[in-house]
Amino acid sequence: MKKQFCLILLSFALLHTTGLYAQTSFNWGSDEKLAKENWALLQDAVTLKIFDDGIAPLEWFLNNLPNAHPNVYRKGIEVYSALAENTQDAAKAAQYQDKAIALSDQMVEQFPDEKAEALNRKGIKMAQFWANRPEKFEEAFKSYEEIIALNANKTYSTNVIMYFYILCTIKASAADEITDEKALQVFEVLSSIVEANLETTPDDKYWLAAKDQINQIAEQCITIDCDFVKTQQLPKYRQNPDDLELLKKILRNMTKGRCFSDPLFVEICRTLAQKEPSYNHYQILATAYKANSDKENYLKSIEKSAEYANTNQEKASIYLELASAGINMKGNALKAASLDPSTAGKAYTLIGNLYMNSGSACATDNPVTSKAVYIAAYNMYLKAGNNEAAARAQQYFPSKEDIFIHDMAGKSVSLPCIGETVTIPSL
């Protein structure tokens, strides 16, 4: 699992190897000729991939002209990164890796205006080189905290993943240092960054993968249950009952902890619906009442949500719920199907079920008309695309013998008991 995670990080890191940089004038210093010679040597070393030849000109700049240009540091990072990847000596590789990463900090010292982007790219290198070096995690953790603070939604997806991975690795080995609450706070910040980027580019495979990765890590890292909410978050809300964001966090965490039968869940849902009434909040409250077998308040909440329904889909959902609860089942199901065709399958199946249970109400002295209600049920199931239910209804059709004896083949039969007219099958 750890090896697979590191491979994912490496593939992400390759995304951010190039990019646009702020324009900065080159400072050639007092000996312009020598500076230009060393710059040419450094560029050639990278271009020709003779990376060993890049060390000397790089060191010359670091010792003699550290404020020449940010690109000196960028070329240096390329040099030491390549040397780290090409050597078979593990100790040397670690030295080169650390030098590549340290160059980002040195660059920031000389060019503070480059800080956000420089550290963002430093995070990529830390993910590439330090994912398998736990001794570097504490240092990396502090860097990632700064990267997130500086870059916010512009943070690279690699850094979002690596930061949370390191946090949870540290948490696992030193639980007192990072609590579930702290980990959850970080997770929510990172999730907001992911969602902000997906809002801009919904199909971006790297941000989609980042979302999946941090969610997987969170499942193993954070223990969210009813006790966590009650001990860690509820007291804070009691002290500040106007904190809607905290109230929403509590609701999310109780949902994640599956605390649906807890009376607190109903209280939180009801409070949120009252403080910020909306279709969604009253729907959630209805779900809470339903989970606690409170049918009266469940229906009241469904009806209340109708006041805030804005779309046909929302209105259809309400009618379908009322129909499912046995309230004007046929009328509400038909309204749902007319407002939102995607609900038609469920709506017509509900009506079919209603008809199937109406046998006694539709009974007559004629065995054919008594069973005609099942033909109506069959028709509804077909409209629903529910062939399995239609086949069951067909088993209750009037027999061919009864249709022949009562001369009903092909005739229309009115069924006031359900408000339908059906045609008896021909023989």
query: So which helices (runs of 4 or more DSSP H) are wholly in segment 148-250 and hold at least 2 residues that are exposed (fewer than 15 other Cβ atoms within 10 Å of the Cβ), out of contact with any Gly (no Cβ under 7 Å at 6 or more places or on another chain) and among the basic types (Lys, Arg)?
result: 234-239
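Just to verify a result, which residue in segment 124-147, among those that are assigned to a loop (DSSP other than H, G, I, E, B) and open to solvent by less than 40 Å² (accessible area, probe 1.4 Å), is farthest from ALA90 (Cα to Cα)? Before the answer, list the steps.
Step one: list which residues in segment 124-147 are assigned to a loop (DSSP other than H, G, I, E, B), which gives 131-133.
If we keep only those that are open to solvent by less than 40 Å² (accessible area, probe 1.4 Å) too, we end up with 131, 133.
Working: ALA131: 15, ARG133: 12 Å.
In this case the residue turns out to be ALA131.
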- request: Pull up segment 251-279, narrow it to residues that are out of contact with any Asp or Glu (no Cβ under 6 Å at 6 or more places or on another chain) and among the small types (Gly, Ala, Ser), then point me to the one that is surrounded by the most Cβ atoms within 10 Å (Cβ to Cβ).
  value: ALA273
task: Test ALA91 against the stated conditions and say whether it is free of Cβ contacts under 8 Å to residues at least 24 places away in the same chain, closer than 14 Å to LEU42 by Cβ, open to solvent by 50 Å² or more (accessible area, probe 1.4 Å) and among the aliphatic types (A, V, I, L, M).
output: no
- prompt: Given the structure, is ALA361 free of Cβ contacts under 8 Å to residues at least 60 places away in the same chain and open to solvent by less than 70 Å² (accessible area, probe 1.4 Å)?
  reply: no
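Of the residues ILE318, ILE302, ILE327, which single one is closer than 22 Å to THR349 by Cα, assigned to a loop (DSSP other than H, G, I, E, B) and free of Cβ contacts under 8 Å to residues at least 60 places away in the same chain?
Details: ILE318 fails: assigned to a loop (DSSP other than H, G, I, E, B); ILE302 fails: assigned to a loop (DSSP other than H, G, I, E, B).
Exactly one of ILE318, ILE302, ILE327 is closer than 22 Å to THR349 by Cα, assigned to a loop (DSSP other than H, G, I, E, B) and free of Cβ contacts under 8 Å to residues at least 60 places away in the same chain, namely ILE327.
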message: Based on this model, can you work out whether TYR374 counts as more than 26 Å from TYR282 (Cα to Cα), open to solvent by less than 60 Å² (accessible area, probe 1.4 Å) and either charged (D, E, K, R) or at pLDDT 95 or above (or both)?
response: yes
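Residue by residue, here is whether (1) touching a helix residue (DSSP H, G or I) at 6+ places or on another chain (Cβ under 8 Å); (2) within 27 Å of THR155 (Cα to Cα) holds:
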{"site": "PHE51", "(1), (2)": "yes, no"}
{"site": "ILE55", "(1), (2)": "yes, no"}
{"site": "ASN67", "(1), (2)": "yes, yes"}
{"site": "ALA84", "(1), (2)": "yes, yes"}
{"site": "ALA102", "(1), (2)": "no, yes"}
{"site": "VAL108", "(1), (2)": "yes, yes"}
{"site": "LYS115", "(1), (2)": "yes, yes"}
message: Here's a check for you: in segment 390-427, which residue that is hydrophobic (A, V, I, L, M, F, W, C), in contact (Cβ under 8 Å) with a residue 40 or more places away in the chain and in a loop (DSSP other than H, G, I, E, B) is least open to solvent (accessible area, probe 1.4 Å)?
response: ILE424
field: Residue check, LYS75 of a type in the set (Lys, Arg) and crowded, with 20+ Cβ neighbours inside 10 Å
entry: yes
- prompt: If ILE351 satisfies every condition in (1) in contact with a Leu (Cβ under 9 Å, 6 or more places away or on another chain); (2) open to solvent by less than 20 Å² (accessible area, probe 1.4 Å); (3) not in a helix (DSSP H, G or I) but one, which is the exception?
  reply: (3)
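The values are calculated or read from the model by the stated rules, or taken from the named source; none is laboratory data. Just so it is clear, the structure is predicted and the values come from calculations on it, not from any experiment. With ideal geometry, Cβ positions are generated from the backbone for all residues, glycine too; neighbour counts draw on all protein chains shown. Protein only, heavy atoms only, side chains kept; ligands, DNA and RNA dropped before computing areas. Shrake-Rupley method; radii C 1.70, N 1.55, O 1.52, S 1.80 Å.
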